[in-house]
Amino acid sequence: MPATIAITDDDAVTRETLKSYLTDEGFDVLLARSAEELKELLTTTAVDLVLLDIRLPRQDGLTLTRELRAASEIGIILVSSRAEKLDRIIGLEMGADDYIAKPFEPREILARVRNLLRRLKAPGDQRDDRRRSFAGWTLWLDRMRLTDPQGNPVRLTGAEFELLSTFVCNPGRVMNRDYLLTATTRRKTDATDRTIDSLVRRLRRLIETDPADPRLIVTVHGTGYLFAGDVTQDG
């Protein structure tokens, strides 16, 4: 079945342009003009991914992102005419999977959509996976999937997955922030040290027993970070 995408933007031209392009590419596309319309739509329809404008009337896209992430694992790509670094960082901190600034090429949107949908594919997929296990956790490198020591799936954003993958594939190696930005495929030209620090804080809240006293992702003062957990691999 084709994936369902909800385009949420108060600009009619943007909505219709993206709907036409993505429909031609085989997706089911729904439209919303505001946060309220999107939330009403989500109560009646199963949506795989949301293209969400930051500057919406009444409730902005950043606040809505936080609400959506707290309630579901839906894919979220933020779209904004504001190319400010802080917006990108805050959006990722609130749980967005990706961020794109206007003006954009529809083909870029299509590539981002397809990439995110691949990462969000159901864990029931039976293909073989390369896995890394540490402290009871298991990370599947060939899909965006992490399970906790009890075997429960844990939701990761794209940025969290890519950074954690870099850590578990390089255990015991001290990596500075520049290296982590380069090694992370989501790196953008306007990414900063703060981007990595923010992602590290989020990962620590997910996988550390005590995020205030991390034993897995350790800070090497004046240099960067290292992954101190014992990692085993399968495949």
Open item on the list: What does DSSP give for the chain in terms of the percent of beta bridges that are antiparallel, rounded to the nearest 5?
Closed with: 50 percent
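Starting from the residue with the highest accessible area, list PHE167, PHE104, PHE161 in decreasing order, probe 1.4 Å.
Order by accessible area, largest first: PHE104, PHE161, PHE167.
Determine the per residue accessible area of the chain with all protein chains present and a 1.4 angstrom probe, expressed in square angstrom.
50 Å²
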TODO: Pop a pseudo-label 7 angstrom from the Cα along the beta-carbon direction at both ASP11 and THR232 and give the gap in nm to one decimal.
DONE: 5.2 nm
TODO: Please work out whether the stretch 66-120 counts as rounded, prolate or oblate from its C-alpha gyration tensor, where a ≥ b ≥ c are the square roots of the eigenvalues and a/c under 1.5 means rounded, while otherwise a/b larger than b/c means prolate and anything else oblate?
DONE: oblate
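Going by a ≥ b ≥ c, the root eigenvalues of the Cα gyration tensor, does the stretch 4-121 fall in the rounded group (a/c under 1.5), the prolate group (a/b larger than b/c) or the oblate group?
It is rounded, given that a/c, with a ≥ b ≥ c, falls under 1.5.
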Open item on the list: For a Förster distance of 30 Å, can you work out the FRET efficiency between the beta-carbons of LEU206 and ASP142, rounded to the nearest 0.05?
Closed with: 0.90
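Once you list every other residue whose beta carbon is under 10 Å from the beta carbon of ILE217, what net charge do they have if Lys and Arg are +1 and Asp and Glu are -1? All intermediate terms of the calculation are to be shown ahead of the outcome.
Values: positive: ARG201, ARG204, ARG215; negative: GLU208.
Around ILE217, the charge tally is +2.
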- [ ] Rank LEU41, ALA96, VAL13 by how far each Cα sits towards the positive end of the charge dipole of the stretch 4-121 (+1 on Lys, Arg Cβ; -1 on Asp, Glu Cβ) and give me just the farthest.
- [x] ALA96
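Taking the Cα centre of the stretch 9-123 as origin and charging only Cβ (+1 Lys, Arg; -1 Asp, Glu), how large is the dipole, in debye to the nearest 20? Mind dumping the intermediate values first?
Details: 18 positive and 22 negative charges, 67 e Å.
My answer is approximately 320 debye.
Please report, as a whole percent, how much of the solvent-accessible surface of the stretch 1-118 comes from carbon and sulfur atoms (probe radius 1.4 Å).
For the stretch 1-118, the apolar C and S fraction of the accessible surface comes to 50 percent.
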- [ ] Please find the FRET efficiency linking ARG194 to THR23, where r is the Cβ-Cβ separation and R0 is fixed at 35 Å, and quote it to the nearest 0.05.
- [x] 0.40
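Ignoring ligands, DNA and RNA, what percent of the 1.4 Å accessible area of the stretch 131-234 is carbon and sulfur?
Looking at the stretch 131-234 in its full context, I get 45 percent from C and S.
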Task: Contour excess over end-to-end distance, with Cα ends at GLN150 and LEU41 and 0.36 nm allotted per residue - done: 35.8 nm
TODO: In nm, give the distance between the simple-model label positions of ARG118 and VAL174, each being 7 Å from the Cα along the Cα-to-Cβ direction.
DONE: 3.6 nm
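The values are calculated or read from the model by the stated rules, or taken from the named source; none is laboratory data. All values reported here derive from a predicted model rather than from experimental measurement. For neighbour counting, all protein chains shown are included, and Cβ atoms are generated from backbone atoms with ideal geometry for every residue, glycine included. Note: accessible area is taken over every heavy atom of the protein model, side chains too, but ligands, DNA and RNA are not part of it. Shrake-Rupley method; radii C 1.70, N 1.55, O 1.52, S 1.80 Å.
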